[in-house]
Amino acid sequence: MKEVTISLDEVRDKNIMQLKKLNVTLFPVRYNDKYYVDALASGEFTKLAYYSDICVGAVACRIEKKDAGAVRVYIMTLGVLAPYRGLGIGTKLLNHVLELSSKQNISEIYMHVQTNNEDALNFYKKFGFDITDTIHNYYTNITPADCYVVTKYLSPPQPKK
């Protein structure tokens, strides 16, 4: 069996339709223009994943400035089309965000996960994310309407000994 390559590509104006198409298929929520503006503005933090040459997944982030100049990353969406799950694509996307955050000394990454989405919760827990809060009635048109805030704190890189 030949090695299938999974590659990541940055999102730009010319391929943003790919992200829009994926989101319609993957998520029950419709994303507004601000989502796409934030995704493009995050630069390297938003990526499309290709399996062979097929666009099968994406991660889209928003960079948020906190008090005192600290920055945190909000993962707006991370998803992989059902037939391509279990191949390491979601892992590659999430690891990309974790590595980039660590390189840029970003200490906090968080996201919202619908409370009944066991698969997503288990997936993020494997990477050291924890449930840090619950928001009731976060979603408007889907049930359950509640979400968990799932957060990972990255320790600042230690100087090499």
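Can you tell me the relative contact order of the chain? Whole percent, Cα pairs under 8 Å, sequence separation 6 or more.
RCO, the chain: 17 percent.
With label points built 7 Å along Cα→Cβ from the Cα atoms of residue 149 and residue 18, find their separation and express it in nm.
3.3
If you count only protein heavy atoms and use a 1.4 Å probe, how large is the accessible surface of residue 78, to the nearest 10 Å²?
Accessible area, nearest 10 Å²: 30 Å².
Mean residue ellipticity at 222 nm from the helices of the chain, using -39,500 (n - 2.57) per DSSP H segment of n ≥ 4 over the full residue count, to the nearest 500 deg cm²/dmol?
-8500 deg cm²/dmol
Keeping all protein chains in place, calculate the accessible area per residue for the chain (probe 1.4 angstrom), answer in Å².
Computed with neighbouring chains in place, this is 59 Å² per residue.
Output the relative contact order of region 5-80, whole-number percent, from Cα pairs under 8 angstrom with separation of 6+ residues.
Working: 118 pairs, mean separation 22.6, N = 76.
Answer for region 5-80 is 30 percent.
P(r) of region 1-126 in 10 Å steps, Cα pairs, percent per bin?
All Cα pairs considered, the percentages come to 12, 46, 35, 7, 1, 0.
Add +1 for every Lys or Arg and -1 for every Asp or Glu among the other residues with Cβ under 12 Å from the Cβ of residue 102, and state the total. Intermediate results must be reported in sequence, preceding the final value.
Numbers: positive: 103, 152; negative: 99, 108.
So the surrounding residues net to 0.
Taking just the alpha-carbon atoms of region 3-76, what radius of gyration and Dmax come out, in angstrom?
My reading of the Cα-based Rg and Dmax gives 13.3, 47 Å.
Taking all protein chains in place and a 1.4 Å probe, what share, in percent, of the accessible surface of the chain do carbon and sulfur account for?
It is 51 percent, rounded to a whole number.
Mind computing the radius of gyration and Dmax over the alpha-carbon atoms of region 72-161? Å is fine for both.
14.3, 52
Defining a contact as two alpha carbons under 8 Å apart and six or more residues distant in sequence, what relative contact order in percent does region 52-95 show?
38
Would you calculate the separation in nanometres between label points at residue 87 and residue 41, each defined as 7 Å from the Cα along the Cα-to-beta-carbon direction?
3.3
What are the ³J(HN,Hα) couplings of region 67-81, residue after residue, when phi is run through the Karplus curve with 6.51, -1.76, 1.60 and θ = phi - 60°? Round to Hz, x for glycine and proline.
4, 6, x, 5, 10, 10, 9, 9, 7, 6, 8, 8, x, 9, 4
The values are calculated or read from the model by the stated rules, or taken from the named source; none is laboratory data. Everything quoted here is computed from the prediction, not taken from an experiment. When we count neighbours, we look across all protein chains shown, and the Cβ atoms used for this are built from the backbone with ideal geometry, even at glycine. Note: accessible area is taken over every heavy atom of the protein model, side chains too, but ligands, DNA and RNA are not part of it. Shrake-Rupley method; radii C 1.70, N 1.55, O 1.52, S 1.80 Å.
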